[in-house]
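The values are calculated or read from the model by the stated rules, or taken from the named source; none is laboratory data. This is a predicted model, so every value here is computed, not measured. Note that each Cβ is placed from the backbone with ideal geometry, even for glycine, and that neighbours are counted across all protein chains shown. Keep in mind that these areas ignore ligands, DNA and RNA; they rest on the heavy atoms of the full protein, side chains included. Shrake-Rupley method; radii C 1.70, N 1.55, O 1.52, S 1.80 Å.
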Amino acid sequence: IARQSDLSLAIRVMRQLHQAEVVPNTRTSAALVRLYFATGHPNDALHVVASVLGNFPEASAILPVLGFIATTAPNHPIPPPTSPSVYVFNALLSGILEDYRNAGIEAVLEMMRITGVRADGATLIILLSHKRRERTTSREMLRLVHILTSSGVTPTLQHLNILLGRMLDQEREVAH
């Protein structure tokens with residue numbers, strides 16, 4: 001539902017889950033974060049993240065950097081708090097990159113550090129894809145890979161394809 005950006009269907013499903021007393025998990029929270037960003041409700045997405053960070057006030061204090069307005073009530077359902085997870089942070093990262101770029105990356109990585117959540121391969125794909133679209137140098141992208149691999153992320157063929165693609169883009173730019 002989140003991939004289709006169908007807000008009304010998602011809200012109906014959330015109500016049905018609540019009526020059936022099904023407790024949402026971290027993947028549900030991540031899906032809502034993606035959905036709210038995709039449908040133009042970033043403050044609602046950040047409310048979901050704030051509920052996840054409820055036990056981490058130091059991490060919650062970073063949310064205003066990403067445009068979070070705590071005093072504005074969410075317009076749509078917010079699931080009960082779940083624990084912080086890489087799924088929620090990856091969804092947050094995807095949602096804020098276009099507007100907040102490097103400041104957003106630093107903010108999300110700092111929240112991950114505070115909560116003890118480690119980046120994964122999907123985090124690296126999100127960051128590398130964004131950096132490639134921004135036309136970041138391949139050297140900077142390799143630096144990013146090095147930082148994340150030192151924290152336990154193992155590069156995959158998909159990561160290397162993104163890096164190689166950027167290197168080829170740079171060569172074409174030089175040729176022109």
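Here are some conditions: (1) closer than 27 Å to V117 by Cα; (2) open to solvent by less than 20 Å² (accessible area, probe 1.4 Å). R166 meets all but one. Which one does it not meet?
Here R166 meets the rest and fails (1).
Restricting attention to the range 25-36, which residues are open to solvent by 20 Å² or more (accessible area, probe 1.4 Å) and touching a helix residue (DSSP H, G or I) at 6+ places or on another chain (Cβ under 7 Å)?
Listed by number, the residues that qualify are T26, R27, R34.
Could you list, in sequence order, the residues of the range 83-113 that are part of a helix (DSSP H, G or I) and either among the hydroxyl-bearing types (S, T, Y) or farther than 28 Å from M14 by Cβ (or both)?
Y87, S94, Y100, R101, N102, A103, I105, E106, L109, E110, R113
Can you find a residue in the range 68-82 that is in a helix (DSSP H, G or I), of a type outside the set (D, E) and closer than 22 Å to A122 by Cα?
No, the conditions are met nowhere in the range 68-82.
Quickly run through the range 151-166 and pick out the residues that are of a type in the set (V, I, T) and assigned to a helix (DSSP H, G or I).
Scanning the range 151-166 gives a single hit, I162.
Taking T154 as meeting all but one of (1) surrounded by fewer than 12 Cβ atoms within 10 Å (Cβ to Cβ); (2) farther than 30 Å from N55 by Cβ, write down the number of the exception.
Failing condition for T154: (2).
Take the residues in the range 29-77 that are in contact with a Ser or Thr (Cβ under 9 Å, 6 or more places away or on another chain), without any contact (Cβ under 8 Å) to a residue 40 or more places away in the chain and among the polar types (S, T, N, Q), then tell me which one is nearest to E110 (Cα to Cα).
That would be N55.
What do you reckon, is V117 within 25 Å of A10 (Cβ to Cβ), under 19 Å from the mean Cα position of the chain (by Cα) and at pLDDT 95 or above?
Answer is yes for this residue.
One residue is enough: does the range 24-41 have a residue meeting the conditions on the phi < 0 side of the Ramachandran plot, in a loop (DSSP other than H, G, I, E, B) and among the small types (G, A, S)?
no
Say whether the condition of being over 24 Å from R132 (Cα atoms), assigned to a helix (DSSP H, G or I), open to solvent by 30 Å² or more (accessible area, probe 1.4 Å) and in contact with a Leu (Cβ under 7 Å, 6 or more places away or on another chain) is met by at least one residue in the range 51-65.
Yes: the range 51-65 contains one or more residues that are over 24 Å from R132 (Cα atoms), assigned to a helix (DSSP H, G or I), open to solvent by 30 Å² or more (accessible area, probe 1.4 Å) and in contact with a Leu (Cβ under 7 Å, 6 or more places away or on another chain).
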